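So the structure is just underneath, and the comments pick up after that.
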Amino acid sequence: MITLSDTSIEESASMSSHIVNSSQDEVKKWVKFCSDFTASDGKQHALLDNLNQDLSQKSVLLRDGFKLSAADNDVFATVHPFVIRVSDSELQKYPHVLRWMDYIQNTVGSGTTLQKMNVVKSVFDPPSHPKKADKGDAESSSKKAISGQKTADKSNGSADSKKPAGETKPPENKENPTAAGNNKTSGEKKKEKEKSAGKTAEKAPEKVADKESECNISILNIQVGLIRKAWKHPSADSLLVEEIDLGDGNVRQVVSGLAKYCSPDDLTNRHVVLITNVKPGKLRDVMSAGLVLCASTEDHTAVEPLIPPEGAKIGEHISFAGFDGKPEDVLNPKKKQLDKITPHLRTDENGIATFKGVPFTTSAGPCRSSIRNGNVK
């Protein structure tokens, strides 16, 4: 009969107590999360980011398996009303949250009666495998190869018979009749394979580098400008036209969709931040050669141009720490470079404009907005 010592019993009890306490701490953590998420004003994105990081290591909130708990249902019900209002581009920042929510809403018996979300999933296209040749086809191919070799040998024989007596034909390889048609040694074939593999390996990093450069803020030429004059667009009530000084002795005409949020007087003599290497084009028959960057709330009820710091020079280029590339002369609209970059432009909790968390920086400090945790475009 096997008995447990007092020490073993104490160790087992201690371990069980530790597991219970850990579980209780996790439950308390998610109760606090729900409370903070409901009470927070403007901090939901930061809390979602924390939830996303937590779910990157597991499938559900409690334990290591796939069984849903009350914590999963409570947190799901808390974040659901906010998530369904967030734009698709913003949701892509929280892939693990989306995966978790999709798992809950598609699990039978999860208990949720909330509106079902439409989660866009990646399409898996498995690589096709080459079809194995049938035994009959292989035998037929082998017979054809041998037949062709015999025909070649006959023609070589008739040609050799016509050669002068001093010339001799090379010895035939009777053991491997197909070897006569293969002039490359195994060593040469190996070198060719290695060379081909090397070329493939070289091409892959280039493609990755191209994709990264298309989403790199350094390709944009962003400058500080001063609006000298502004007026209403002659044929579009939602548009304003501005003449912007970039410190080079000339003014640049830019059309902006700010008529609902700013008057021409509000913009006159105002410093702004604008992209100056967009391709010039007409907006409702008026030429525009730039893009004034603005911050906006999630519901787009408030929009305002970014504000350069006092002391920033007109024409000064905006820089981003860690992104030191050279801006392109003119952006290519076909590449949709702006569409890839603008989802990463935001103002933080202090109103500072950022790209992937890196501030828009001038010699006098960062650019900012009175709109906090807003989109920038």
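The values are calculated or read from the model by the stated rules, or taken from the named source; none is laboratory data. All figures in this text were calculated on a predicted structure; none of them were measured in a lab. All Cβ positions, glycine included, derive from the backbone under ideal geometry; neighbour counts span all protein chains shown.
The residues of segment 315-351 that are surrounded by fewer than 16 Cβ atoms within 10 Å (Cβ to Cβ), part of a loop (DSSP other than H, G, I, E, B) and on the phi < 0 side of the Ramachandran plot, listed by number, are Ala321, Asp324, Gly325, Lys326, Glu328, Asp329, Val330, Asn332, Glu349, Asn350. Taken together, the residues in segment 224-255 that are surrounded by 18 or more Cβ atoms within 10 Å (Cβ to Cβ), of a type in the set (Val, Ile, Thr) and over 21 Å from Ala364 (Cβ atoms) amount to 3.
Scanning segment 281-298 turns up no residue that is farther than 29 Å from Lys335 by Cβ and outside any loop (DSSP other than H, G, I, E, B). For Asn73, the stated conditions do not hold, so it cannot be described as part of a helix (DSSP H, G or I) and within 28 Å of the chain's Cα centre (by Cα). Restricting Leu283, Leu331 to those that are assigned by TED's automatic domain parsing to the domain that holds Gly257 and touching a helix residue (DSSP H, G or I) at 6+ places or on another chain (Cβ under 7 Å) reduces the list to Leu331.
Can you confirm whether Ala312 is assigned by TED's automatic domain parsing to the domain that holds Val278 and either among the aromatic types (Phe, Trp, Tyr) or assigned to a strand (DSSP E or B) (or both)? Break it down into steps so the answer makes sense when it comes.
On the way: assigned by TED's automatic domain parsing to the domain that holds Val278: yes; either among the aromatic types (Phe, Trp, Tyr) or assigned to a strand (DSSP E or B) (or both): no.
No, not satisfied.
On inspection, Thr361 passes the criterion of being under 20 Å from Gly247 (Cα atoms), at pLDDT 95 or above, of a type in the set (Ser, Thr, Tyr) and assigned by TED's automatic domain parsing to the domain that holds Ala289.
A quick yes/no check of all residues on (1) farther than 23 Å from Leu267 by Cα; (2) among the polar types (S, T, N, Q); (3) free of Cβ contacts under 8 Å to residues at least 40 places away in the same chain:
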{"position": "Ser296", "(1), (2), (3)": "no, yes, no"}
{"position": "Pro309", "(1), (2), (3)": "no, no, no"}
{"position": "Lys313", "(1), (2), (3)": "no, no, no"}
{"position": "Glu328", "(1), (2), (3)": "yes, no, no"}
{"position": "Leu331", "(1), (2), (3)": "yes, no, no"}
{"position": "Gln337", "(1), (2), (3)": "yes, yes, no"}
{"position": "Phe360", "(1), (2), (3)": "no, no, no"}
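Counting only strands (runs of 3 or more DSSP E) that sit wholly inside segment 224-278, those with at least 1 residues that are assigned by TED's automatic domain parsing to the domain that holds Ser296 and of a type in the set (Lys, Arg) are 251-256.
Inside segment 273-291, can you point out the residues that are in contact with a Lys or Arg (Cβ under 9 Å, 6 or more places away or on another chain) and buried (at least 19 other Cβ atoms within 10 Å of the Cβ)?
Selection gives Leu274, Thr276, Ser288, Gly290, Leu291.
To keep it simple, each residue is scored yes or no on (1) modelled with pLDDT of 95 or more; (2) out of contact with any Leu (no Cβ under 7 Å at 6 or more places or on another chain); (3) closer than 18 Å to Val254 by Cβ.
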{"position": "Gly311", "(1), (2), (3)": "no, yes, no"}
{"position": "Gly322", "(1), (2), (3)": "no, yes, no"}
{"position": "Pro333", "(1), (2), (3)": "no, yes, yes"}
{"position": "Gln337", "(1), (2), (3)": "no, no, no"}
{"position": "Pro343", "(1), (2), (3)": "no, yes, no"}
{"position": "Thr347", "(1), (2), (3)": "yes, yes, no"}
{"position": "Pro366", "(1), (2), (3)": "yes, yes, no"}
{"position": "Ser369", "(1), (2), (3)": "yes, no, no"}
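Of the residues contained in segment 46-64, none is found to be in contact with a Leu (Cβ under 7 Å, 6 or more places away or on another chain) and assigned to a helix (DSSP H, G or I).
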